[in-house]
Amino acid sequence: MSDTDTIDAVLDRHRRDGTRLMQILRETQEQLGWLAPATLTRIAEAVAWPRAKVEGTADFYSFFHTRPLGRYRVLWSDNITDRMLGNIDLMDAMCKKLWLEPGRVSEDGLVSVDTTSCTGMCDQGPALLVNYRAITRLTPARVGEMVGLIRSETPVADWPAEWFAVEDNIRRKDILLGHGLVPGEALAAALERGPEKMLAEIKAAGLRGRGGAGFGTGLKWKACRNAPGQGDNPAHYVVCNADEGEPGTFKDRVLLSSYADLVFEGISIAGLVVGARKGLLYLRGEYRYLLEGLESALAARRQAGLLGANILGTAFDFDIEIHLGAGAYICGEESALIESLEGKPGRPRIRPPFPVTQGYLGQPTTVNNVETLAASCLIASHGSAWYLAHGTGKSAGSKILSISGDCERPGIYEYPYGVTVRQVLADCGATQCQAVQVSGPSGICLAEEEFGRRIAFEDIPTAGALMVFDESRDMFEVARNFAHFFAHESCGFCTPCRVGTTLVRNLMDKIARQHGSPYDINELFKLHRLMQGASHCGLGNSACNPVFDTLNKFRPAYERRLMSLDYEPAFDLDAALSQARQMTGRDDVGAHLSTHLPNGAEA
Amino acid sequence: MTTAMNAPVNLAAPPPRKLRVATTSLAGCFGCHMSLLDIDERILTLLDLVEFDRSPITDIKHCGPCDLGIIEGGLCNAENVHVLREFRNHCKIILALGACAINGGLPAQRNHLDLRDVLEEVYQTEVGLSHGGIPNDPELPLPLNKVHPIHEVVKVDYFLPGCPPPADAIWKLLTDLLAGRTPTLGHGLMHYD
Amino acid sequence: MNETQTFQLDGEDIPFAPGQSIMQAATAHGAYIPHLCWHPDFAAHGSCKLCTVKVNGRFGSSCTMAAQAGMSVENRTAELDDKRRTLLQMLFVEGNHFCPSCEKSGNCALQATAYELKMMSPHFDMFYPDRPVDASHPDVLLDFNRCIMCSLCVTASAEVDGKNIFYMGGRGLLGRRVHVSSESGRLGDTNFALSDRAASICPVGVILPKRRGFAVPIGERKYDKAPISAQVKERV
């Protein structure tokens, strides 16, 4: 099959529909290895989009490449939890064995090795993706074997199956993970109630968004339901946000692995309430390995009359489609996610209008977290009174926590809302705990004296990531890892975030090289103040949180790295003469610059 | 309460003293210095108020303790760094004068090139050259990998943009500083070209 | 009853029509809010953030926020101008802005806005990125060293010229850039024309007509004559 035939087959499968561009690009790349200029031209012509627009999408996402990156693409997850488990040493060892520099493609075009943002395997790292398939629990021995398989060009499909095993690691179940519902039970209850009463029940139950912001789910559904469809083909949509990109979070991975029916049922209930005929599940590219399982779960539900026309013998028609992302944290923001669903770069929209009135394809759309939708099944089945009996006054129900880092039992813990951080730490076996990062890099960093605080909307609202750091950890390095994350993930749309995240990263690197001064710390505060107010979306607004928190709570971790109390040069002065030394062969005194001038010394 | 705070307060301005000023041109073209001379007869007034330390005007080779150091040009080699540090060590106030000191200016337009390629082309491969090899005399300052503005190496207190800054702008800034005012430039005096 | 609605901008009453943004209403009234990516002929883009104002104590982009009766908007306060200066410094260090050798100097909105906000230095460390210059088109030069990612060329080409020559792509500081709609990526391989609206929309010196450099002497260029803030009324 020629390349053109391959591309055309993919295009035909997606009806040459530009809004399906993400899927078209991914499937094309899976078969051809990369997205060559001619490939993009052909796709642009077929979907009748300007070529530059197709290219703009192709080079926005980390997992699409517009240049060849090797027949084996190895991407090491680089969350701080992977770092703590030694990923960098393992990656260096791999590169050494492959005679490769990170980020470069081997000369024979065989392989490239690089890092990527958190792949959601923090409870079983160090982790990596090979050709976008997840591998967990890397060890030196596994790395050695892997190098052998790459060298012998063994297809990834033939690699040892146990490498690709992803454990659920469910350590504590509560009402959701121990739900006991059979497929169709919750949906039948919802259909029996009808959309209005079901909506009333959701509102009465006080269900709030599990993505962290805690917006009332009933309110959102009501706004979407009441918004009129637009244009000639009016419609309403439900979107399930499974772009679980916040480093340290992996609860949706488990829900989609072992509770897919509950999630799909929740999407269907939302569809019933808002008056949608179609639901979309946006699955992060890192979870590509879940796609086949999810597709067969959908097929089984269609078979069982739980999806499709006349669901459970009623007039309700509804189906669900899965869209895969391609490596962009920003797509977790609901309007960026919708842009991505429409085949565009994940750039947060200007709001208002909000997605509930003008979302996917300009139609009223409710975007809900995986866990929120799953929880709606409990309310459908058991009613609001039962649900309200769990949790606290303003936080009904339970919360699933993803726990990783320095603890004996990392994994998934479900608690009724209101549990203290200290309780959670005790349960997961975290001793000598110095700090906990709640809600990932964009969340908050809690020091020991705050461990009495509670997981609840009244106190700490969170999507549920808890990364634990014991007393041996350097909180400056934690913040620096997060600064790198935000610089990599900034979409680049607005000035403060695009430039600010990189300036913050560079300042943190300067301090790490022990070339910083209090001046640089003041600069960090200044950037925080600017980015927090002026950025276009939550990414830029929260990008300095980890730096700000650690500067306030762990300031000595910064101060002991400072070179002096004076102003320090932006760059390594002596290193700046390296190329001239190399070209002239000089190494005399005059061919060097001391980095630091002793006070009062003659220059 | 400290004794210093109880000391008698003198609200009168300090007695007149000639301020000591040093100037230099690093990776610049001396155009900013030429613009300084363009203040014309006002230089006589200036000389009533300041005396020059190290400067192309005096030919003094090293900078002593000064009130103000005026730097033209950016940093393109090791000597530039030495001179800049000497100024910073000896001057209470450092003024970055002109585009090159402020953002690298014209010399910084080599920054998208690799220095090694530049040296190779200039001294080895370009047609019509003596092909004597890349100079390696220890007397010569080595070029930096990239050209930098001066604020990337020392703290800079004031900036006066322009290529060159107009004489009137230099005059305004100097007289503001001498009078103890924070310098301001109105429309027409401030430009980057 | 047909009373005009107003809001307050730095204490001054600004009338507005329903649906107008703060920026639109202010501009129509001759009041200057610093901006770079906003243009009166096109829908707001909201990316440069220079127009950030404080509305009832909260930060927001005046180009995207709808004017509402009675709102109190802070604009030219020391706090906001300080933030805007920092944003300008960010734009100056992320690209290669060498005004002395730029044909747009004196007519450049970025430069004029920096004068208005008294930006004396770029403050941050320079990035000196390696960005391309495209001289493939017979009549127009593209110098992306000066691009500030405002997207005005994208919008003008799509909405006025109907050609879709440009599109913003890429991600982050190093990735974000304007794509040219041809397989080679060269402007010369598109149907772009000097008469296109997109050819004259660039607020900085990226899209320049060839053979017409430095035509107006220093002192007579657009922003030599009056500061950018004083030129709002002309546009009304």
Taking the range B:147-175 and the residues there that are of a type in the set (Val, Ile, Thr) and assigned to a helix (DSSP H, G or I), the one that is nearest to B:GLU51 (Cα to Cα) would be B:THR175
Inside the range C:139-167, the number of residues satisfying the requirement of being over 20 Å from C:VAL93 (Cα atoms) and of a type outside the set (Ser, Thr, Tyr) is 16
A:ALA213: passes all of (1) modelled with pLDDT of 95 or more; (2) in the same structural domain as A:ILE311 (by TED's automatic domain parsing) but (1)
Residue hits (the range A:44-58; more than 10 Å from chain C (Cβ to nearest Cβ) and under 22 Å from A:TYR282 (Cα atoms)) are A:VAL47
Condition set more than 7 Å from chain B (Cβ to nearest Cβ), closer than 21 Å to B:ASP137 by Cα and touching an Asp or Glu at 6+ places or on another chain (Cβ under 8 Å), scope the range A:579-603, selection modelled with the lowest pLDDT: answer is A:SER594
Checked against (1) open to solvent by 10 Å² or more (accessible area, probe 1.4 Å); (2) in contact with a Cys (Cβ under 9 Å, 6 or more places away or on another chain); (3) of a type outside the set (Asp, Glu), A:PRO355 satisfies every condition except (1)
Counting only residues that are in contact with a Gly (Cβ under 9 Å, 6 or more places away or on another chain) and touching a residue at least 60 places away in the same chain (Cβ under 8 Å), the range A:54-76 contains a total of 8
When the range A:193-219 is checked residue by residue, the ones that are surrounded by fewer than 23 Cβ atoms within 10 Å (Cβ to Cβ), closer than 30 Å to A:GLY440 by Cβ and charged (D, E, K, R) are A:LYS203
- Would you call A:TRP49 surrounded by fewer than 19 Cβ atoms within 10 Å (Cβ to Cβ) and not in a helix (DSSP H, G or I)? no
Residue set A:HIS536, A:HIS515; condition within 14 Å of chain C (Cβ to nearest Cβ) and under 27 Å from A:GLN434 (Cα atoms); output residue A:HIS515
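Please pick out the residue among A:ARG151, A:ARG137 that is under 23 Å from A:GLY248 (Cα atoms) and of a type in the set (Lys, Arg).
Answer to the check: A:ARG137.
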Counting only residues in the range C:76-95 that are within 14 Å of chain A (Cβ to nearest Cβ) and assigned to a loop (DSSP other than H, G, I, E, B), the one surrounded by the most Cβ atoms within 10 Å (Cβ to Cβ) is identified as C:GLY95
Taking the range A:510-541 and keeping residues surrounded by fewer than 22 Cβ atoms within 10 Å (Cβ to Cβ) and touching a residue at least 60 places away in the same chain (Cβ under 8 Å) leaves A:HIS515, A:CYS537, A:GLY538
Touching a Gly at 6+ places or on another chain (Cβ under 6 Å), part of a helix (DSSP H, G or I) and either at pLDDT 95 or above or within 14 Å of another protein chain (Cβ to nearest Cβ) (or both) - does that describe any residue in the range A:23-34?
-> no
Residues in the range B:66-88 that are facing chain A (nearest Cβ under 8 Å) and among the aromatic types (Phe, Trp, Tyr) total 0
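Applying the selection to the range A:545-567, what residues are among the aromatic types (Phe, Trp, Tyr), over 26 Å from the mean Cα position of the chain (by Cα) and open to solvent by 20 Å² or more (accessible area, probe 1.4 Å)?
Answer for the range A:545-567, where residues must be among the aromatic types (Phe, Trp, Tyr), over 26 Å from the mean Cα position of the chain (by Cα) and open to solvent by 20 Å² or more (accessible area, probe 1.4 Å): A:PHE554, A:TYR567.
Given the options B:LYS172, B:LYS146, B:LYS155, name the one that is at pLDDT 95 or above and under 15 Å from the mean Cα position of the chain (by Cα).
B:LYS155
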Scan the range A:464-487 and give yes if some residue there is within 10 Å of chain C (Cβ to nearest Cβ) and touching a Lys or Arg at 6+ places or on another chain (Cβ under 7 Å), otherwise no. yes
Filtering the range B:128-167 down to residues that are within 13 Å of chain C (Cβ to nearest Cβ) and farther than 28 Å from C:PHE127 by Cβ yields B:PRO166
When A:THR136 is run through (1) under 21 Å from A:GLU292 (Cβ atoms); (2) over 20 Å from the mean Cα position of the chain (by Cα), the failure sits at (2)
In the range A:402-442, anything open to solvent by 10 Å² or more (accessible area, probe 1.4 Å), assigned to a loop (DSSP other than H, G, I, E, B) and closer than 22 Å to A:GLY245 by Cβ is listed as A:PRO410, A:SER439, A:SER442
For the structure I just gave you, tell me whether A:VAL238 is on the phi < 0 side of the Ramachandran plot, in the same structural domain as A:ASN368 (by TED's automatic domain parsing) and open to solvent by 70 Å² or more (accessible area, probe 1.4 Å).
no
The residue that is most open to solvent (accessible area, probe 1.4 Å), considering only those in the range C:44-62 that are part of a loop (DSSP other than H, G, I, E, B) and more than 9 Å from every other protein chain (Cβ to nearest Cβ), is C:ASN56
Looking across the range C:97-120 at residues that are open to solvent by less than 20 Å² (accessible area, probe 1.4 Å) and of a type outside the set (A, V, I, L, M, F, W, C), the single one that is nearest to the other protein chains (Cβ to nearest Cβ) is C:SER105
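The values are calculated or read from the model by the stated rules, or taken from the named source; none is laboratory data. No experiment lies behind these values; they were computed from the predicted model shown. Virtual Cβ from ideal backbone geometry, glycine too; neighbours counted across all protein chains shown. For accessibility, only protein heavy atoms count, side chains too; no ligands or nucleic acids. Shrake-Rupley method; radii C 1.70, N 1.55, O 1.52, S 1.80 Å.
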